[in-house]
Amino acid sequence: MTMASHPAWRSRDPGKRTLGKGHGAFFAAALRSPREVGTLLPSGPELARRLAAVIPRSGHPGQPPVVVEVGAGAGAVTVAIVQHVDEGAVVIAVEKDPELAEQLRNRQLGVHVVTADALMLPAILADHGVDRADAIVSVLPWALFGPQQQRELLAIFAGALRSDGVFTAAAYSLGYWTPAARRFRHELERFFGEVLPTRTMWRHLPPAMTYVCRRPGQGSDAVTVNLSR
């Protein structure tokens, strides 16, 4: 598998950069497309660190880890990912909103920023010489998606992971018992053999939690996901 490189990965310190204009760009994107952004505020540091914490620091022997972030926004979670992974990791940040994607590129975090819909993930991986990811991190507004959209995206993500890969997604706790949120939990269990919800971060605005999902393709609908390498 051919990997893209990061020639200046540690030449910058993303932890010292402030979001600044990124907050404004995120707010503007939320006003333009509220159902696609899902919140008026970007992910806070605690949520970002929790999402990044489950990412493997190294990949398979002789290979750097491949990490995909979908719904990267202004880069709050991207920074946590960069700080967490080892040097040489391949990080692909996918953001549908062109203005947010451009803001993220301008931050020069050493990641590959792709302006695209998350549904294009297989083609995005192929464009970067990658066949499977070690981790997929999602900050997409799952509770706002309809059943078919949830199912289609999760099928794509489960199929894009290595058999020992991990998928982690942010969710807002105040809507945990809504029909859409309960449906999302059910859909996760269809595509992953292990689905672990984490405790609520009540100090986060809005209060949030995460799902950590492993064993892709081994859920109740395992036959629908092809994990052949």
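The values are calculated or read from the model by the stated rules, or taken from the named source; none is laboratory data. As the structure is a prediction and not an experimental result, all values here were calculated from the model. In this analysis, Cβ positions are derived from the backbone assuming ideal geometry, glycine residues included, and neighbour counts consider all displayed protein chains.
Where helices (runs of 4 or more DSSP H) sit wholly within region 23-96, those with at least 2 residues that are at pLDDT below 95 and in contact with a strand residue (DSSP E or B) (Cβ under 6 Å, 6 or more places away or on another chain) occupy 45-53. Considering only residues in region 198-223 that are hydroxyl-bearing (Ser, Thr, Tyr) and assigned to a loop (DSSP other than H, G, I, E, B), the one that is modelled with the lowest pLDDT turns out to be SER220. Has region 119-131 got at least one residue that is assigned to a strand (DSSP E or B), on the phi < 0 side of the Ramachandran plot and modelled with pLDDT of 90 or more? No, every residue in region 119-131 fails to be assigned to a strand (DSSP E or B), on the phi < 0 side of the Ramachandran plot and modelled with pLDDT of 90 or more. Mind listing whichever residues of region 51-78 are in contact (Cβ under 8 Å) with a residue 40 or more places away in the chain, under 19 Å from ALA170 (Cα atoms) and surrounded by fewer than 23 Cβ atoms within 10 Å (Cβ to Cβ)? Residues satisfying the conditions are ALA52, VAL54, ILE55, PRO56, ALA76.
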